[in-house]
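Here is the structure we will look at, set down as structure tokens.
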Amino acid sequence: MFTPFKLRGLRLANRVVVSPMCQYTAEDGMPDDWHLVHIGSRAVGGAGLVYVEMTDVSPEARISPWCTGLWKPEQADAWRRIVTFVHTNSSARIAMQLGHAGRKASTQRMWEGDNEPLPSGNWPLVSASPIPYKPYSQVPRELTAADMRAIVADYVRAAGLAERAGFDLLELHMAHGYLLASFISPLTNQRTDGFGGPLERRLRFPLEVFDAVRAAWPAEKPMSVRISAVDWFPGGMGPDDAVQVARAFHDHGCDVMDVSAGQTVDDQRPVYGRLFQTPFAERIRCEAGIATMAVGNISSYADVNTILAAGRADLCLLARAHLWDPYWTRHAAYELGWPLRWPGQYATLDRYRPRFT
């Protein structure tokens, strides 16, 4: 896990990645002191790459009123404060994940009712097709060609602001039933125009967004795409489809696939377990010829090392493990005998080397 990894002009010190985790703490899309401490502590904790939470490209693209955004310069400047802290005080690199919630927008904070509509103050929703997420959720409006052009422009604007903020890597969220994912899955895309039907046509709009953002993002900086490899529901996306999706994005210049799963439909039937999504990352890596990130129920040092040593993925994303222990990577280094020095402010830890449990 402590082998460096390179993507275009970006060099990561190790293969441990802090997964994007929504905090539902922003006001008007602005990251604040909570985000500085949340992201900063995990960067100081030794991870090679730290993702900020899914950040939305317009006010109406937010999952909730408390989600972070990147649609105006003031937000980019607030993010830059966090990026500067990470670059100044750690060896970590920092990634921005851009998204649009689509039919899963205008909902409550996760701990107040995950994917539950706001009791008041809702805004209109859009999606690939007019299908609500829950039977009692708002019915989204089907995107028109004009809507798609406007959303592409939103993503391009956000990419420029991410560059202004100094992020090292840019990811497009195309998983978990959000807007771009709703085009990819046949469960949520029932269009009869050129953006629906077979997978090649369902990928058309997501690829248009990717191409526009890739053209706006500096050539030396890498991009990733998060996908749901399977929908966990009959008639939905499966592992074969995921390989085709990865090949398409690889052909368009994507550098690494962030391989998640599910959350496409409310009545999904997932099969959970240790490393339960890693097989999808492994298959994409082997068959599509693109670097992958494994995510999902990865928690131990052995988990990460065995995934990487077996060639199942190139990077490992951990979410809950980093919530439990922001210094997970430093503690792994100690346990595995890797000489990862602590910051000067904590130099006594190198001197006395206490055993962490």
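Computed from the coordinates by the stated procedures, all read-outs in this text should not be read as laboratory data. Quantities reported herein were computed from a predicted structural model and do not represent experimental measurements. We place every Cβ from the backbone using ideal geometry, glycine too, and count neighbours over all the protein chains shown.
Assorted remarks:
- Length-normalised contact order of the chain in % [C-alpha pairs under 8 Å, at least 6 apart]: 16
- With each label modelled as a point 7 angstrom along the Cα→C-beta vector, the D211-E163 pair spans 1.9 nm.
- Candidate cross-link partners of K134 among the aspartates and glutamates, defined by an alpha-carbon separation under 12 Å and a same-chain spacing of 8 or more, comprise D114, E116, D266, D267.
- Gaussian network model of the chain, springs between alpha carbon atoms under 10 Å - residue of W111, W232, W328 with greatest fluctuation: W111
- When the convex hull of its Cα atoms is projected in every direction, mean area for segment 24-110 (nm²): 5.2
- Among A159, H87, A105 the positive-end extreme of the charge dipole of the chain (Cβ point charges): H87
- Note on R201/K6: beta-carbon distance plugged into 1/(1 + (r/R0)^6) with R0 of 35 Å gives a FRET efficiency of 0.50.
- For segment 1-75 and segment 237-314, distance of Cα centres in Å: 20
- Anchor K221: lysines whose Cα lies under 16 Å away (excluding residues fewer than 8 positions away in-chain): K6
- For segment 5-352, taking the reciprocal of the average inverse distance between every pair of different Cα atoms yields a Kirkwood hydrodynamic radius of 20.2 Å.
- Calculation over all alpha carbon pairs of segment 67-216 in 5 angstrom steps from 0 returns a P(r) of 2, 9, 17, 19, 17, 16, 11, 6, 2, 1, 0 percent.
- In summary, the aspartates and glutamates within cross-link reach of K72, defined as a Cα separation below 12 angstrom excluding same-chain residues under 8 places away, comprise D28, D56, D154.
- Ranked by the mean number of other Cβ atoms within 10 Å per residue, highest first, peptides 100-107, 304-311, 53-60, 69-76 order as 100-107, 53-60, 69-76, 304-311.
- Kirkwood Rh, Cα atoms: Rg over Rh of segment 137-279: 0.97
- The fraction of all Cα pairs in segment 225-357 landing in successive 10 Å bins from 0 to the largest distance is 12, 35, 28, 16, 8, 1, given as whole percents.
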